[in-house]
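Scroll down for the structure; my scribbles are underneath it.
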Amino acid sequence: MTILDVFKSRIQAAERILITTHEFPDADGIGSEISLCMALREFGKKCFCINEEPLLERYQYMDPDKVVYGFKDFQSKNPDFKPDLIIVVDTNTKLRVGTDVCRFIGEAVPVLYIDHHPCRGRDLSTHCIDVTAAATGQLVGEMIEYLGVQFTKKIALPIYTAIIIDTSSFRYPTVSANTHRLVAKLMATGINPPEAYNGIYGTKRVHHMHLLSRILDTAATNADESIAWMLLRQEDISKFASDVEDTHAFINNLLVLNNIKVACMFRDDGDHIKMSLRSSGDYDVGVIALALGGGGHSHSAATMIKRLPGESTEQVISKTIKRVEEVLKSLETES
Ligand SMILES: [Mn+2]
């Protein structure tokens, strides 16, 4: 019995299905839940997406049927809805779905995860967790096909967008022939690539450019230029009134550097410095993030670094880059 068989039989046995994703969801979490929800409705199920917060306005074009609710809004409109199956997408722990949704999930209802993040201790014969998948959207797309639900443009666009986002437009090593085979089927519904791309990326205002210029200005490298980094200062985020979510792609600018192996972006959050990592392809930044107390994929990972009393942001960065150099060196001697 494959994992797709397991999911199909669990879905067939359920009547009322709740889908959710992680807090502060990205387009993979959102796109995956919306497509899956529309497909499960086609499959004859009563199904809703309930997130900790309402869907941000800039994602609403992906949800023409308005299947996504913020927790409070959903509860006031559907006080009696009791799911008999919960599907969590793009994370594999209840802890990341948010406090309200987590409490709502409770203990009595079975929970299934569809995800592509590394995880420990989950039974892979029950949950659909595949770290080799380019996006959760890819796994959801394969599942929709397996359920025998026809892709329509409406169902296809959110997962197409999920795959664009999680592969930074098809540039990561997780992009496979299967990714492209699925994308071909999604495109056959009439998706227009420039329209889909601009829907998710082409929404910025000019202040976004000003913030980008500030952060590009901070770019620096170590001596052999194998590690490059940038710093996003809190005062710049607030000055240019940007959503933190809008800054996620900034780090990709470093990947065009000639000798780059690891790109890092630091975000000054006060007590903590958030550090994002991207790999140019040959080195596993998930391992580096793990060594620094975080985690993630081989091509994209993150961690939080606690600032010690009296430590400046520059000191935190230089100390952390030294650590990245050490881990990188140990990875190189291993391979
Ligand atoms: Mn994802």
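A few points about this structure:
- Along region 293-305 the Karplus relation, 6.51 cos²θ - 1.76 cosθ + 1.60 evaluated at θ = phi - 60°, assigns HN-Hα couplings of x, x, x, x, 7, 5, 9, 8, 8, 7, 8, 10, 10 Hz to successive residues, with x for each Gly and Pro.
- Of all DSSP beta bridges confined to the chain, the antiparallel ones make up roughly 45%.
- Acute angle (nearest 10 degrees) that the helix 27-42 long axis makes with the longest principal axis of the chain, alpha-carbon atoms: 10 degrees
- Nearest 10 degrees, 0 to 90: helix 313-334 Cα axis against the chain principal axis: 80 degrees
- Entries in 72/94; 82/274; 45/204 that, when Cα-Cα distance is taken, lie over 29 Å: 82/274; 45/204
- Derived scalar couplings between HN and Hα for region 107-117 equal 10, 6, 9, x, 10, 10, 10, 10, 7, 10, 8 Hz in order, rounded to whole Hz, by the Karplus curve 6.51 cos²θ - 1.76 cosθ + 1.60 (θ = phi - 60°), x for Gly and Pro.
- 0 to 90° range, to nearest 10: angle between helix 153-166 axis and the chain longest Cα axis: 20 degrees
- Packing-based order for 285-291, 312-318, using average beta carbon neighbours within 10 Å, highest first: 285-291, 312-318
- The distance between label points at residue 150 and residue 122 comes to 3.2 nm (points 7 Å beyond Cα on the Cα→Cβ vector).
- Across the chain, the fraction of Cα-Cα pairs farther apart than 38 Å, rounded to a whole number, is 17%.
- Of the trypsin sites (Lys or Arg not before Pro) found in region 61-103, those that fall in a DSSP loop while having at most 14 other beta-carbon atoms within 10 Å are 66.
- Between the amide H of residue 232 and those of 266, 267, 268, distances stay under 5 Å, these residues lying 5 or more places away or on another chain, with hydrogens modeled in the peptide plane.
- Length added when fully stretched, residue 282-residue 332, from 0.36 nm per residue minus Cα-Cα: 17.0 nm
- Packing-based exposure ordering (other Cβ within 10 Å, fewest first) of 146, 59: 146, 59
- Here the chain is treated with +1 on each Lys and Arg Cβ and -1 on each Asp and Glu Cβ, and its dipole about the Cα centre works out to around 440 debye.
- Put simply, region 3-201 fits an ellipsoid with semi-axes of 24, 19, 16 Å; these come from the alpha carbon gyration tensor as the roots of five times its eigenvalues, largest first.
- With Cα atoms as the point set, the radius of gyration and Dmax of region 206-334 evaluate to 14.0, 45 Å.
- Exposure proxy for 322, 261, 8: other Cβ atoms within 10 Å of each Cβ, ordered fewest to most, give 322, 8, 261.
Only the coordinates and a few stated rules stand behind these numbers; no lab work does. Values in this document were obtained by computation on a predicted structure and should not be read as measured data. Neighbour counts run over all protein chains shown; Cβ positions are idealised from the backbone, glycine included.
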